[in-house]
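This report concerns only the one structure given below.
The values are calculated or read from the model by the stated rules, or taken from the named source; none is laboratory data. This is a predicted model, so every value here is computed, not measured. Because the Cβ atoms are built from the backbone with ideal geometry, glycine has one as well, and the counts that use them run over all protein chains shown. All accessible areas refer to the heavy atoms of the entire protein, side chains included, with ligands and DNA or RNA removed. Shrake-Rupley method; radii C 1.70, N 1.55, O 1.52, S 1.80 Å.
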Amino acid sequence: MAKLVEHRFNDEWIVQSLLDEGVTDIEAVYKARLEKAPEFAELLLDGKLCTEDLLYAAVRRRHKIASTVPDPSEIERMALSLLPERLCRSRLMIPVSCDHEKVVVAMARPIDLDGVADIEKMTGRKAEPRFCLARNVRQLLDLLLSPELVLEDVTAQLRSEAAQVQVVGDMADAMGVSISSPVIRLVDTLIAKAVAMKASDVHFELSDNESVIRFRIDGIMRSIMRIPLYSSRPVVSRIKIMANLDVAEHRRPQDGRAKLMVSGAEIGLRVSILPTAHGETAVLRLLDKRVASVPFDQLGFRDSLASRFRRLITAKQGFVLVTGPTGSGKTTTLYSAVNLLKSETTNIVTVEDPIEYKLDGINQVQINEKQGLTFAGVLRSVLRQDPNVILVGEIRDRETAEVAFQAATTGHLVLSTLHTNDTVGTVGRLLDIGIEKGRIASGLTGVTAQRLVRRLCAVCRVQEDASDPAALRLLERFSLPKTVWAPRGCTECHLTGYQGRVALIELLKIEREVKDQISSGASENEIYDAGIRTGRLYPMTLDAMSAAVEGRTSLKEAMAIVNAFDIREATQRAPSAYSAGTPPEALAAADSVTRAADDEAPEAEPGTRRRRVLVVDDEKAIRVILKITLERAGFEVLESDGGETALAMVLNERPELLLTDLDMPGLDGRQLVKAVRGDLGMLDMPIVVLTASARKNQREDLLAAGVNDYLTKPFDP
Ligand SMILES: [Zn+2]
């Protein structure tokens, strides 16, 4: 029996438990364990060396541990949610039931003290181990933690309104790939949610052990839910099928498109799949057709700018460029301009790559470089049809620019976009791609530079006196009032204080002195100065500050643009700006300013501050007890005495955990949970509720509502 002492196997305790039970042939079992390597329990039972009853009795006698063979229906979902799946699988255990003091766990190795300690640490409850055969534990884990069930759960939480999603031309059947319905429902529900929350993108990202789903709303990323890593692959497969991509391809990037009907509205989807170290990630860009039909007066241009821009685009001929970085709303501006110009007598043609939105009553031509349909080539053919207005998706090269200039000086109005930072920089960019200065001066009629900022919620915005010294200086410079607007947050705006976005623009009219400066080869500085002096340049900083004073956006949003813009202006004002371009480090600095402004809303880096808990209870005594306890445990505690204020704090203070009472006047705990999970779409914030009693039914209800755990009152601190 020397081998028994060596402890070579971590399930050896089972054999040792049986030493007093008269089980013979232990040597043979060891030999089999060495050769075939199944577990001892299996060898003993399958070899008929002992019965399950004998094994259970032995474990009870020797270790004082009861055994269990739980039926799947006996496993409480609340208990199951207390431990992460990875821990359960690695330690071969599964929580069976719980109350607020203890958790009963079926374990293949109930004498594993580390495992028991892990359970107690993770659940904050005393662990009651029960012996359960390893194969039974595995079976239960596979059954209860299947991707389908997990996805059903999160989908149920996310679904706050019944939305109908239909993929136009769903290829799933034709491709012979079967995707389980929970996966389809999850993807559909996410897209419906994204549309309802007016998100522009849905990101499926991967980390070491989970997939994080995030929405971009009004330009800011918001984490929506986390799903286990193993669920992410079928989800990405589903997305591939929707976009008609190769499901079997996992190593190269793929791009595709899909068309969906979401609650009756047609939504285009641009899909991009990217392989990463952890697996494939997906980004869905939502192309809402309504974006292409924003009426011109709803773009948010202030009146004086709107009329200047309108004069430019209603001219018989000319060349108007809308510039700005990706995602600055250039397309929306151009489309709304086209919609404004649309009439029975005006012939409008667009040349695009790709055609993002179909416009009624407009001839849209798709570029296809592979088939020789280049911007320049198509543009030449279009000109032969002599349209009044031509929209060119983007000026990418000299050839296209040349044809566009030719059209603009021969009785056509040309509208297009260019990737530049500001208006005077556009002149430099055109020189860079090889257009003569004389041609620019005679053809170009106007340039706008555009940025999007969040539009203040008109319902709850508040006025305040500006205090930022830089802002005060600018308000002074433009002789603007010192009173600006700030966000507050209400139910209309999901407590963000903002609703939608508004364009801030800089507008340069190429006339008189500005024209002369360009044709004489003046520097960007000189053009800028001439523009300001003659009133031909309406600068971005002025529009931004006006927007904050008028309440179109907040001072904070405006200043973020001003700061990024000023850095660029300063570098471009440098001598020989045409040839030198903007130094990369200056661009990086500008980007980091923009990013810093962007990053304030999303979650902070972990570890940079104490973990914050928001405690919500209408009884002060309870809040005080919890505050003391939690602070002692190293948490920072925020307090709220009701659901409404709590909801605002969840959004503005971003606590890492929400601890809320159930019964409160006004918005109660249940409604608060629903609002956080449903309306705010925050599926990954842990929520613990305080409840006076928690019967099993109620616990399951809470779990279904999106609660992670509960505490019963009264409780000892
Ligand atoms: Zn509001």
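Descriptive notes on the structure:
- Using a Förster distance of 30 Å, the FRET efficiency for D397-K358 (Cβ separation, nearest 0.05): 0.70
- Taking 1.002 mPa s as the viscosity and 20 °C as the temperature, the Stokes-Einstein diffusion coefficient of the stretch 32-102 based on its alpha-carbon Kirkwood radius rounds to 148 µm²/s.
- Value of [θ]222 nm, deg cm²/dmol, for the chain, DSSP H segments ≥ 4, -39500 (n - 2.57) each, nearest 500: -12000 deg cm²/dmol
- When each of the peptides 490-503, 543-556 is scored by how many other beta carbons lie within 10 Å of its residues on average, the order from highest to lowest is 543-556, 490-503.
- Charge dipole (Cα centre; +1 on Lys/Arg Cβ, -1 on Asp/Glu Cβ; no other charges) of the chain amounts to roughly 1300 debye.
- Relative protection proxy for 634-641, 89-96, from highest mean packing down: 89-96, 634-641 (other beta-carbon atoms within 10 angstrom).
- Computed Rg/Rh of the stretch 380-481, alpha carbon atoms with Kirkwood Rh: 1.17
- Debye equation applied to the C-alpha atoms of the stretch 72-145, log10 I(q)/I(0) at 0.14, 0.17, 0.22, 0.25 Å⁻¹: -0.33, -0.50, -0.88, -1.18
- Proximal aspartates and glutamates to K358, defined as alpha-carbon separation beneath 15 angstrom and excluding residues fewer than eight positions away on the same chain: E266, D288
- Within the stretch 612-712, the percentage of alpha carbon pairs spaced more than 22 angstrom apart rounds to 21%.
- Unsatisfied cross-links (Cα-Cα over 29 Å) in the set K330/K556; K193/K330; K102/K674; K620/K674; K121/K627; K193/K482: K193/K482
- The stretch 203-260: trypsin sites (Lys or Arg not before Pro) in DSSP coil with no more than 16 other Cβ atoms inside 10 Å: R251
- Value of relative contact order over the stretch 292-442, rounded to a whole percent, pairs C-alpha under 8 Å and six or more apart: 29
- Each residue of the stretch 464-476 was assigned a 3J(HN,Hα) from its phi angle through the Karplus expression (A = 6.51, B = -1.76, C = 1.60, θ = phi - 60°), giving 8, 7, 5, 10, 4, x, 5, 5, 4, 4, 5, 4, 4 Hz with x at Gly and Pro.
- Nearest-20 debye value, the stretch 389-523 charge dipole, Cβ charges on Lys, Arg, Asp, Glu: 320
- Accessible carbon and sulfur surface of the stretch 72-145 relative to its total accessible area, %, 1.4 Å: 52
- Per residue, the stretch 72-145 exposes an accessible area of 44 Å² to a 1.4 Å probe, with every protein chain left in place.
- Cα long-axis angle, helix 113-123 against the chain (0 to 90 degrees, to the nearest 10): 50
- Surface analysis of the stretch 612-712 yields an accessible area of 41 Å² per residue, using protein heavy atoms and a 1.4 Å probe.
- Whole-number accessible area per residue in Å² for the stretch 294-599, which is evaluated in the context of all protein chains at 1.4 Å: 43
- For the stretch 612-712, size of Cβ-based charge dipole, Lys and Arg +1, Asp and Glu -1, in debye: 260
- Scanning residues 5 or more positions from E128 or on other chains, those with amide H under 5 Å from its amide H are V103, V104, V105, with H placed 1.01 Å from N in the peptide plane.
- The stretch 612-712, accessible surface, carbon-and-sulfur percent (1.4 angstrom probe): 53
- Between helix 555-572 and the chain: long-axis angle, C-alpha atoms, 0 to 90°, nearest 10: 60
- Structural size metrics of the chain, computed from C-alpha coordinates, are Rg and Dmax of 32.3, 108 Å.
- Here the translational diffusion coefficient of the stretch 219-345 follows from Stokes-Einstein with Rh set to the Kirkwood radius across Cα pairs; for 25 °C and 0.890 mPa s it amounts to 137 µm²/s.
- Relative contact order %, the stretch 612-712, counting alpha carbon pairs below 8 Å whose residues are six or more apart: 25
- For the chain, cysteines whose Cβ has no other cysteine Cβ within reach (under 4.7 Å): C50, C88, C98, C132
- Accessible surface of the stretch 352-438, 1.4 Å probe: 42 percent of it comes from carbon and sulfur atoms.
- Packing-based order for 430-441, 513-524, 407-418, using average beta carbon neighbours within 10 Å, highest first: 407-418, 513-524, 430-441
- Whole-percent P(r), the stretch 294-599, all Cα pairs, 20 Å bins from 0: 33, 57, 10.
- Net charge of Cβ neighbours under 11 Å - reference R62; Lys, Arg +1; Asp, Glu -1: +1
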